[in-house]
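Chemist: I am attaching a structure below and will ask some questions about it afterwards.
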Amino acid sequence: MTEIATLISNDLQQNLSSEIVNLSSDTNETILLTTGTTNPMLDSTVIDEPPTKKCKITTNDKPRLLEERLSSILSCCICLDLSTLPIFQCINGHLMCASCFNHLLADCKLKDEQTTCPNCRCEISKSNCTRNLAVEKTISELPIQCDYCLQIFLRSEIKTHQSQNCLDRFGTFHLYI
């Protein structure tokens with residue numbers, strides 16, 4: 001009797017070792033079940049799943065330039081501009097230009113309220129917010145177009161160019177005789 005039970009058990013193990021169970025027809029999830037085989041390749045459990053994160057769908061085929069991506073990351077969380085002023089950050093790292101930071105502090109002081117970060121609502125004060133020099137230096141190295149001659153310059157050089165070097169800053173003059 002025990003020989004018959006052993007034969008049935010071995011037969012079931014061989015059948016299970018090669019059987020594939022399909023979990024759902026909508027996804028590509030499959031599991032290969034294996035039990036007690038002598039083949040080490042069949043003893044492992046193979047799970048084929050779709051990626052956990054979906055790819056971001058872009059509307060255009062051209063990849064965005066690094067400068068464009070950095071501009072959106074390094075902009076002030078209040079006015080959404082890249083500032084030439086000092087950049088402050090809350091304790092969670094949200095960036096604010098000096099103008100917005102001081103305006104936020106003054107508004108809440110007038111209302112007699114605690115100043116909070118507009119993104120994460122953590123408390124903000126002059127003592128617990130820090131200047132982010134790395135962001136300031138990164139912004140100063142990003143390109144910007146001159147308003148007058150439309151040439152590209154670094155943000156750290158644009159003021160000097162526009163005030164001293166740009167020949168188009170005076171506009172076009174017509175001489176009438």
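Chemist: Once you sort the root eigenvalues of the Cα gyration tensor of the range 67-142 as a ≥ b ≥ c, which label holds: rounded (a/c under 1.5), prolate (a/b larger than b/c) or oblate (the other case)?
Modeler: Prolate, because a/c is 1.5 or more and a/b exceeds b/c.
Chemist: Based on the Cβ-Cβ distance of K109 and L80, what FRET efficiency does E = 1/(1 + (r/R0)^6) give at R0 = 25 Å, to the nearest 0.05? Before the final figure, lay out each step's value.
Modeler: Numbers: r = 24 Å, r/R0 = 0.95.
For R0 = 25 Å, the calculated efficiency reads 0.55.
Chemist: Placing +1 on the Cβ of each Lys and Arg and -1 on the Cβ of each Asp and Glu in the range 67-142, which of A106, C76, T138 has its Cα farthest towards the positive end of the resulting dipole?
Modeler: Positive-most Cα among the choices belongs to A106.
Chemist: Here's a follow-up. May I ask you to evaluate 6.51 cos²θ - 1.76 cosθ + 1.60, the Karplus curve with θ = phi - 60°, for each residue of the range 100-107 and list the ³J(HN,Hα) values in order in whole Hz, giving x for glycine and proline?
Modeler: 5, 4, 5, 5, 5, 4, 5, 4
Chemist: Just to check I understand the Karplus step: with θ = phi - 60° and J = 6.51 cos²θ - 1.76 cosθ + 1.60, what whole-Hz values come out for the range 110-116, glycine and proline as x?
Modeler: After applying 6.51 cos²θ - 1.76 cosθ + 1.60, I find 5, 7, 6, 10, 7, 6, 10 Hz.
Chemist: Take A134 and E67, extend 7 Å from each Cα along the Cα→Cβ direction, and tell me the distance between the two endpoints in nm.
Modeler: 2.3 nm
Chemist: If you don't mind, another one. In nm, to one decimal, how far is the modelled label at N165 from the one at N92, with both set 7 Å along Cα→Cβ?
Modeler: Output for this residue pair reads 4.2 nm.
Chemist: Next up: Give me the dipole magnitude in Debye, nearest 20, for the range 67-142 about the Cα centre, with unit charges on the beta carbon: positive for Lys and Arg, negative for Asp and Glu. Before the final figure, lay out the partial values.
Modeler: Values: 7 positive and 9 negative charges, 41 e Å.
Dipole size: approximately 200 debye.
Chemist: Further question: If I model a spin label as a point 7 Å beyond the Cα along the Cα-Cβ vector, how far apart are those points for L142 and T116 in nm?
Modeler: For the pair L142/T116, the computed spacing is 2.8 nm.
Chemist: Hey, got a sec? Which GluC sites (Glu not before Pro) in the range 58-129 land in a DSSP loop and have at most 16 other Cβ atoms within 10 Å?
Modeler: Hits after loop and neighbour filter: E113.
Chemist: Same structure, new question: Using modelled amide H (1.01 Å from N, peptide plane; none on Pro or chain starts), what sits under 5 Å from the amide H of T116, excluding residues fewer than 5 places away?
Modeler: Here I124 satisfy the definition.
Chemist: While we're looking at this one, here's another question. How do 157-169, 83-95 rank on mean C-beta neighbours within 10 Å, highest first?
Modeler: Highest mean packing first, the order is 83-95, 157-169.
Every read-out reported here was derived from the displayed coordinates using simple, explicitly stated rules and does not represent laboratory data. As the structure is a computational prediction, the values presented were derived from the model and not from experiment. Please note: Cβ atoms are built from the backbone with ideal geometry, for glycine as well, and neighbour counts cover all protein chains shown.
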